[in-house]
Amino acid sequence: MRTCRTCLQEQPLTEYKTAHKICKTCGFIRNMVSQAKYRSKKFDIPFDLYPEDLFIPSHCPLLGIPIEIRSGSRDSTPSLDRIAPDLGYVRGNCWIISSLANTAKNNLTLEQFSIIAENWKFNEAHGYSKKLHKEHPHFQKISQVNEGQ
Ligand SMILES: [Zn+2]
């Protein structure tokens with residue numbers, strides 16, 4: 001057993017990289033923060049974040065899927081998310097969600113995300129995913145515009 005210098009929890013040696021005094025979980029968070037710092041410099045995003053501001057939840061707060069550092073699936077690995085992208089990597093605006101949820105969010109606003117979800121549901125409800133595209137009302141609008149030209 002070894003006590004992590006960061007989270008101060010006593011953990012088995014398997015939770016540490018050889019000779020490391022910080023556990024793998026704390027190391028993972030540190031890495032995420034330093035990568036965020038790099039991105040914020042590169043893209044001129046506000047940055048004021050410390051590893052102590054973050055924790056890895058057992059489940060993704062957006063999707064509910066388990067979050068695992070060492071899993072076979074990339075989707076369930078922890079990913080640092082800016083709640084309001086414009087506010088940047090600052091304390092209180094960052095949390096850890098699943099990579100799958102973060103990839104899906106990407107640069108969308110909540111409104112844009114909701115529009116996608118509504119249209120997706122509409123398509124499913126009307127079976128457009130199984131029909132020809134030209135039956136979709138949106139496609140008809142486009143073809144009407146084209147015919148008018
Ligand atoms: Zn730790």
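Tabulated values for the structure
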quantity: Condition check for Pro85: modelled with pLDDT under 90 and within 25 Å of the chain's Cα centre (by Cα); calculated: yes
quantity: Pairs with Cβ under 7 Å, 6+ apart, first in segment 61-84 and aliphatic (A, V, I, L, M), second part of a loop (DSSP other than H, G, I, E, B) and loosely packed, with under 15 Cβ neighbours inside 10 Å; calculated: Ile67/Pro57; Ile67/Ser58
quantity: From the options Ile96, Ile29, residue that is β-branched (Val, Ile, Thr) and in contact with a helix residue (DSSP H, G or I) (Cβ under 6 Å, 6 or more places away or on another chain); calculated: Ile29
quantity: When residues of segment 1-46 are limited to those that are more than 23 Å from Asp81 (Cα to Cα) and in a helix (DSSP H, G or I), the one nearest to the ligand (Cβ to nearest atom); calculated: Glu15
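Results for (1) at pLDDT 95 or above; (2) closer than 26 Å to Ile45 by Cβ; (3) open to solvent by less than 50 Å² (accessible area, probe 1.4 Å), shown as yes or no for each residue.
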residue	(1), (2), (3)
Ile69	no, yes, yes
Ile97	yes, yes, yes
Glu111	no, yes, no
Ile116	no, yes, no
Phe122	no, no, no
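The values are calculated or read from the model by the stated rules, or taken from the named source; none is laboratory data. This one's a predicted model, so the numbers in the text were calculated from it and none came from an experiment. Positions of Cβ are generated from backbone atoms using ideal geometry, with glycine treated the same way; all protein chains shown enter the neighbour counts. Accessible surface is based on the protein model in full, side chains and every heavy atom, while ligands, DNA and RNA are left aside. Shrake-Rupley method; radii C 1.70, N 1.55, O 1.52, S 1.80 Å.
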